[in-house]
Amino acid sequence: MARSRSGQVAVVTGASSGIGWELARQLAAEGAKVAIVARRAEQLHALRKVITDAGGTAAAFVCDVGSRESVEATVRAVTEQLGPIDLVIANAGVGRPTHLDPVNMADVEDTFRINLMGVVYTLSAALPGMLARKSGHLVGISSLAGYRGLPGESAYCASKAAVNVYLDGLRIHLHGTGVKVTTVCPGFVTTPMTEMNTFHMPQVMTAQVAAGKILRAVRRGAKVYSFPWRLTMMVKLSRWVPDWLMKRFMADYETAPVK
Ligand SMILES: NC(=O)c1ccc[n+]([C@@H]2O[C@H](COP(=O)([O-])OP(=O)(O)OC[C@H]3O[C@@H](n4cnc5c(N)ncnc54)[C@H](OP(=O)(O)O)[C@@H]3O)[C@@H](O)[C@H]2O)c1
């Protein structure tokens with residue numbers, strides 16, 4: 001594989017499984033020194049071994065992205081250990097259903113804290129160094145679920161919609177500074193997050209394929225990358241579908257998680 005990122009420092013949050021694991025592995029194969037970030041140390045050490053056995057460079061950082069202090073300390077430690085950060089992929093996220101009666105408020109709060117504030121904390125902690133060097137790339141992993149609220153998934157969808165809009169504003173704010181912003185909205189990907197889904201997942205893909213597509217979009221500096229394109233069109237069109245029909249379409253989803 002071409003070592004197009006030779007010497008660059010990349011941070012991937014949520015690297016202990018799924019899409020983040022694959023993003024980190026592929027970035028290391030492209031020559032980046034990768035900071036792999038998540039809460040579970042054992043999985044991070046397993047990934048570090050996979051990367052170093054393949055001749056790459058990785059350092060593991062245990063961090064809760066829902067804690068600003070934890071994220072800021074991690075970004076300082078990454079810079080000290082690996083050098084100035086070129087690329088940050090804020091990928092860590094949770095997918096919890098939203099119940100009705102009673103609302104599972106602790107899950108709802110966690111969803112916003114991790115999926116939204118986790119992205120904000122991560123990108124904000126890396127930004128000052130990038131602004132000082134007039135160079136860098138901030139990437140947020142959102143979801144196609146951010147385009148329309150879905151029954152049983154209100155908090156997850158809302159957290160991703162907020163990420164989309166936050167990153168839109170950030171991208172425009174940073175225009176001309178040398179710091180790029182990319183929003184990524186994947187469809188269904190087979191990972192631990194979706195493995196309990198009992199319903200049909202249209203156009204589902206492996207984490208390896210998804211990570212490859214995401215890294216190609218990042219390389220070409222895409223502003224917003226939503227994929228796969230047919231599912232993207234369906235989700236965007238669903239905004240015009242009346243609620244009663246959505247309710248009928250989504251009958252299976254109301255009680256099962258949708259990512
Ligand atoms: N799979 C899909 O179909 C799909 C579709 C669209 C978007 N996405 C998005 O893609 C991202 C990755 O999801 P995935 O499918 O790869 O899920 P996953 O396999 O469950 O991975 C989630 C990752 O996030 C980390 N994480 C969760 N809470 C964290 C916290 N508080 N602090 C630090 N790390 C935390 C987990 O690590 P620890 O538990 O070790 O902390 C894990 O590494 C998420 O943002 C998800 O919303 C997924």
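The values are calculated or read from the model by the stated rules, or taken from the named source; none is laboratory data. Since the structure is predicted, the reported quantities are computational estimates derived from the model, not experimental observations. Every residue, glycine as well, gets a Cβ built from its backbone with ideal geometry; the counts of neighbours run over all protein chains shown.
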(message) Residues to consider are I114, I141; find the one that is β-branched (V, I, T) and out of contact with any strand residue (DSSP E or B) (no Cβ under 7 Å at 6 or more places or on another chain).
(response) I114
(message) Taking the conditions exactly as written (outside any helix (DSSP H, G or I) and aliphatic (A, V, I, L, M)), does V139 satisfy them or not?
(response) yes
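Quick one: in the range 178-197, of everything that is within 9 Å of the ligand (Cβ to nearest atom) and in a strand (DSSP E or B), which residue is farthest from the chain's Cα centre (by Cα)?
Here the residue is T190.
Being outside any helix (DSSP H, G or I), within 8 Å of the ligand (Cβ to nearest atom) and in contact (Cβ under 8 Å) with a residue 12 or more places away in the chain: is that true of P151 here?
Working: outside any helix (DSSP H, G or I): yes; within 8 Å of the ligand (Cβ to nearest atom): no; in contact (Cβ under 8 Å) with a residue 12 or more places away in the chain: yes.
Here the answer is no, as P151 does not meet what is asked.
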(message) Suppose we keep only residues that are modelled with pLDDT of 90 or more and touching a Gly at 6+ places or on another chain (Cβ under 6 Å) within the range 217-259. Which one would you say is farthest from P186 (Cα to Cα)?
(response) L231
